[in-house]
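Novice: Pasting a structure here, questions to come.
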Amino acid sequence: MNIQRLFKRLKPGRGAVISIPYFWLLLFFLVPFFIVLKISFAEQDLAIPPFTSLMNLEEGGLLHITLNLGNFDFILSDDFYAKTYLSSLQAALFTTLMCLLLGYPIAYAIARTDPARRNVLLMLVMLPFWTSFLLRVYAWMGLLNENGLINSFLLAIGLVDEPLPLFHNNFSLYLVMVYAYLPFMILPLFSHLVKMDGRLLEAASDLGAGPIKAFFTITLPLSRNGIIAGSMMVFIPAVGEFVIPELVGGPDTLMIGKVLWNEFFDNNNWPMAAAVATVMVLLLIVPIAFLHRFETRQLEGKGNE
């Protein structure tokens, strides 16, 4: 009885603690998103800010609300925006897959190494975060451009006769994006792999399972949540990436972040930029909601067993 009373007393405090991050999300995500959504239904104007208000008072004190759907209709009818969304999703998907293929062995090796060395290896993974993201991108520019260190070294040793096209193309774009987001894949994978009970692999070996079979039947399923978490942490920011495509991407590189910049600052068309951002958020929310529903059903199924 005393334990039950203690839990009852803790429930209000737990609710207060949980309410803090929800309030944070409400204040800094939902409220700005609804502001952007409101602007997306406005029309471009020469005012400051450069869009017309949705609500106007008519004669007699009547409130008149006007919703302009032309921005969304233009996005759906113009092939340029469809190609931009597909290109952004393709770049983000490729980056996520490459980070998973490279990050999983690294995370697995760190999780299975000696605990005394584990902190050092984790520090090496997080070491890039100690340097400015922009400086790291500029460093890659110095490595990959026509007169950069890589081409200069290859020309000096006579391996190539002319500089390789390593810069301002899809190769440099994908390379730098994978480099930038790789730690975001390694850390969630490590946090799940390090908790896995090694006795399961020993039992599988005793029952005749080889290393490959044990990996696909035990290790990979148990690390599924880490794979999902790492993929989301890489995929979501990669879709809206702006700095990397702008600095190392080619002239034909189409990314949502660059289109948003052009609409906001070059065209000064805030409603169209807000509409582009709203569609991008919706494209990201749909798979996340579907994934959350799938995980909820699986947890309910396990609970009923």
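The values are calculated or read from the model by the stated rules, or taken from the named source; none is laboratory data. All of these numbers come straight from a predicted model, not from anything done at the bench. Ideal geometry is used to build each Cβ from the backbone, glycine not excepted, and the neighbour counts take in all protein chains shown.
Novice: Would the stretch 149-164 turn up any residue that is touching an Asp or Glu at 6+ places or on another chain (Cβ under 8 Å), modelled with pLDDT under 95 and not in a helix (DSSP H, G or I)?
Specialist: Checked the stretch 149-164: at least one residue is touching an Asp or Glu at 6+ places or on another chain (Cβ under 8 Å), modelled with pLDDT under 95 and not in a helix (DSSP H, G or I).
Novice: If I go through the stretch 165-174 residue by residue, how many of them are touching a residue at least 60 places away in the same chain (Cβ under 8 Å) and assigned to a helix (DSSP H, G or I)? Full working, then the answer.
Specialist: Pass one, the stretch 165-174, residues touching a residue at least 60 places away in the same chain (Cβ under 8 Å): 167-170, 172-174.
Remaining after also requiring assigned to a helix (DSSP H, G or I): 170, 172-174.
Residues meeting the conditions: 4.
Novice: State which residue is surrounded by the most Cβ atoms within 10 Å (Cβ to Cβ) when the search covers only the stretch 114-145 and only residues that are among the aliphatic types (A, V, I, L, M) and over 25 Å from the mean Cα position of the chain (by Cα). Give the steps one after another, and end with the answer.
Specialist: Here is the first cut: in the stretch 114-145, the ones among the aliphatic types (A, V, I, L, M) are 116, 120-127, 134-135, 137, 139, 141, 143-144.
Still in the list and also over 25 Å from the mean Cα position of the chain (by Cα): 116, 120, 143.
Details: A116: 7, V120: 10, L143: 18.
Ranking the qualifying residues of the stretch 114-145, first place goes to L143.
Novice: Hey, another quick one. Take the residues in the stretch 284-300 that are under 17 Å from the mean Cα position of the chain (by Cα) and of a type in the set (A, V, I, L, M, F, W, C), then tell me which one is surrounded by the most Cβ atoms within 10 Å (Cβ to Cβ). Lay out the reasoning, then the answer.
Specialist: The initial filter retains those residues of the stretch 284-300 that are under 17 Å from the mean Cα position of the chain (by Cα), namely 284-292.
After this cut, where a residue has to be of a type in the set (A, V, I, L, M, F, W, C) as well, the list is 284-286, 288-291.
Working: L284: 17, I285: 11, V286: 10, I288: 12, A289: 10, F290: 10, L291: 13.
Result: L284.
Novice: Still on this model: Six or more apart or on different chains, Cβ atoms under 7 Å: show the pairs whose first residue is in the stretch 33-54 and within 10 Å of P271 (Cβ to Cβ) and whose second is assigned to a loop (DSSP other than H, G, I, E, B) and of a type in the set (D, E, K, R).
Specialist: Note: pairs meeting the criteria are F51/E43; F51/D45; T52/E43; T52/D45.
Novice: Given the criterion within 19 Å of the chain's Cα centre (by Cα), in a helix (DSSP H, G or I) and over 22 Å from Y174 (Cα atoms), identify the matching residue among F216, F190, F235. If you could, list the steps in order and put the result at the bottom.
Specialist: Numbers: F216 fails: within 19 Å of the chain's Cα centre (by Cα); F235 fails: over 22 Å from Y174 (Cα atoms).
F190 is the lone residue from the list that is within 19 Å of the chain's Cα centre (by Cα), in a helix (DSSP H, G or I) and over 22 Å from Y174 (Cα atoms).
Novice: If you scan the stretch 72-90, which residues turn out to be charged (D, E, K, R) and closer than 25 Å to V234 by Cα? Working first, answer last.
Specialist: Taking the stretch 72-90 first, the residues charged (D, E, K, R) are 73, 78-79, 83.
Residue satisfying the conditions is K83 alone.
Novice: If you don't mind, there's one more thing I want to ask. Given the criteria of a type in the set (A, V, I, L, M) and without any contact (Cβ under 8 Å) to a residue 60 or more places away in the chain, does L284 qualify?
Specialist: Values: of a type in the set (A, V, I, L, M): yes; without any contact (Cβ under 8 Å) to a residue 60 or more places away in the chain: yes.
Considered against the rule, which asks whether it is of a type in the set (A, V, I, L, M) and without any contact (Cβ under 8 Å) to a residue 60 or more places away in the chain, L284 comes out as yes.
Novice: Tell me which residues, restricted to the stretch 193-213, are among the aliphatic types (A, V, I, L, M) and assigned to a helix (DSSP H, G or I).
Specialist: First, the residues of the stretch 193-213 that are among the aliphatic types (A, V, I, L, M): 193-194, 196, 200-201, 203-204, 207, 209, 212.
Within the stretch 193-213, L193, L200, L201, A203, A204, I212 meet the criteria.
Novice: Next question, about the same structure. Restricting to the stretch 219-232, name every residue that is assigned to a helix (DSSP H, G or I) and buried (at least 16 other Cβ atoms within 10 Å of the Cβ).
Specialist: T219, G226, I227, A229, G230, S231, M232
Novice: Which of (1) in a helix (DSSP H, G or I); (2) under 22 Å from Q44 (Cβ atoms); (3) more than 15 Å from the chain's Cα centre (by Cα) is the odd one out, the single condition V281 does not satisfy?
Specialist: For V281, the failing item is (3).
Novice: Kindly provide the set of residues from the stretch 250-273 that are over 14 Å from L93 (Cβ atoms), under 18 Å from the mean Cα position of the chain (by Cα) and not in a helix (DSSP H, G or I), ordered by number.
Specialist: L254 - this is the single residue of the stretch 250-273 that is over 14 Å from L93 (Cβ atoms), under 18 Å from the mean Cα position of the chain (by Cα) and not in a helix (DSSP H, G or I).
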